[in-house]
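One structure is given here, and the rest of the page talks about it.
Nothing in this text is a laboratory measurement; each read-out follows from the coordinates by a stated rule. Small disclaimer: the values here were computed from a predicted structure and weren't measured. Please note: Cβ atoms are built from the backbone with ideal geometry, for glycine as well, and neighbour counts cover all protein chains shown.
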């Protein structure tokens, strides 16, 4: 969960992503565009990246998101 959207700087809320806020997977998730980074994920849509990220979330990480933002936010921001 982005720090600007009440995300905390704790282990449950840290996911390593390639790129920055405007490039790579990080940029795709931030701006909802295709990833533009020289990696295996280059060219993937933000929905494909978000689904891959969501599939890797541990139960405690999902619980953290649900407490902070709720199911609607999770489904909208990281569609399965």
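Could you check, for region 17-24, whether at least one of its residues is touching a residue at least 12 places away in the same chain (Cβ under 8 Å), more than 14 Å from the chain's Cα centre (by Cα) and not in a helix (DSSP H, G or I)? Talk me through it step by step, then tell me what you get.
Let us first name the residues in region 17-24 that are touching a residue at least 12 places away in the same chain (Cβ under 8 Å), namely 17-19, 23-24.
Narrowing the set further to residues that are more than 14 Å from the chain's Cα centre (by Cα) leaves none.
No, region 17-24 contains no residue that is touching a residue at least 12 places away in the same chain (Cβ under 8 Å), more than 14 Å from the chain's Cα centre (by Cα) and not in a helix (DSSP H, G or I).
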Exercise for the section: Take residue 63 and decide whether it is touching a helix residue (DSSP H, G or I) at 6+ places or on another chain (Cβ under 9 Å), outside any loop (DSSP other than H, G, I, E, B), without any contact (Cβ under 8 Å) to a residue 40 or more places away in the chain and exposed (fewer than 14 other Cβ atoms within 10 Å of the Cβ). Expected result: yes
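Is it the case that region 46-56 has a residue that's loosely packed, with under 13 Cβ neighbours inside 10 Å, at negative phi and assigned to a helix (DSSP H, G or I)?
We begin by selecting, within region 46-56, every residue loosely packed, with under 13 Cβ neighbours inside 10 Å; these are 55-56.
Then keep just the ones that are at negative phi; that gives 55-56.
Narrowing further to those that are assigned to a helix (DSSP H, G or I): 55-56.
The answer is yes; a qualifying residue exists.
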